[in-house]
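Written below as C-alpha cells is the structure these notes are about.
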Amino acid sequence: MTIEDIYHALRKWKTLIDAYMSGNKDSKSEIMKYLNQGTHFSVDESDIEEWKKLLKDTEDERKAIHAYVGIDEDQLKFFLIDSCSDLYADFEHIFVKQFSHRSPDITIEKVPIVTSYPPISSESAISRNFTFNMYCSDWVDAQKGGDFFQLIKIPFSDYDKLDLKKGESCVCFLGLTNKVLNNTPISDYHIEIITVKDIGIGQMSQFAEDYSTPRPPFTNDSIEYQLLQKSNAYI
C-alpha cells in the first residue's frame, strides 16, 4: 500500500467514528460490522527484529508500537509502526495487518518462562477477550460523548519479551478491561490489544502480554502520533 492509501484507510475509520459520535444512527452497525470482522492479527518474528533495530536508540520507556485502525477495501486493518519512526514521520516501516478469522498457524510446544515482569494469566486474557466479544455493543454505546479509539499504543516489551525464534509468530487479539475495580459499568472499560505467543485448540500459553493503551484521549504526547496527524490533514 502507498502512504496515501494508508492515510485514506485511517480517514475512513475517523469519518465513521465521527459520524457515530455526532449521532448518525447507521454508524454503530457499521462500527460493529468492522469490529466483528475478525478475531486477531499476527505479528512475525521478523517484524519484531526490525522494530528492535529501529528502536535501538530510543529510551526503554518510550519504546512502543502504534497500532492504527483503518478501513481498506471494506476490511478492518491494523497499521503498525514503531514509535521512533512515527515521531519522525518516517513511514517506510509500516506493517499492514489484516483483522482475520483465519485460524492462527501456531501450536503449543512448551510452557513459556515467566519473566521478571509478570504478564497477565491466560485466564485473564481469555476473560478480557470474552468481555470484548460479549459486551462490545454495550461498550460502543458507552463511548458516545467521549473519545473513540483510533490507535492502540503497545509497549515494545510486550513483543520483545516473547522471545520468538526465527520464523515464529505471535497472535494479537482485542479485549476489554478495567484495571481499577471489578463489577464496574462497561463505560469504565477500555479496549486493548493482548498478545500471546502460543495458542492451539483448547489451550494457549499460560501467560499473555498486555500493557496497551487506546488513543485518544491524548496527553502531551500527541506529537508522537505523526501518522495520525498526517492522515487527519490528508484530503
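Between S187 and K144, the distance separating the two model label sites (each 7 Å from Cα on the Cα→Cβ line) works out to 1.2 nm. Residues whose amide H comes within less than 5 Å of that of I191, counting only those at least five positions distant or on another chain, are absent (H built at 1.01 Å from N in the peptide plane). The label-point distance for S137 and A19, in a model that sets each label 7 Å from Cα toward Cβ, rounds to 2.0 nm. Taking the protein heavy atoms of the range 1-67 in the context of the full set of protein chains, the accessible area attributed to carbon and sulfur is 45 percent at 1.4 Å.
For the range 1-84, rounded, prolate or oblate, judged on the Cα gyration tensor with a ≥ b ≥ c (square roots of eigenvalues), a/c < 1.5 rounded, else prolate if a/b > b/c? It is prolate, given that a/c is not under 1.5 and a/b is the larger ratio.
The values are calculated or read from the model by the stated rules, or taken from the named source; none is laboratory data. On a predicted model such as this, the values are computed, not experimentally measured, just so you know. Quick reminder, even Gly has a Cβ in these numbers, built from the backbone with ideal geometry, and neighbours come from all protein chains shown. Please note that ligands, DNA and RNA were not included when accessible areas were found on the heavy atoms of the full protein model with its side chains. Shrake-Rupley method; radii C 1.70, N 1.55, O 1.52, S 1.80 Å.
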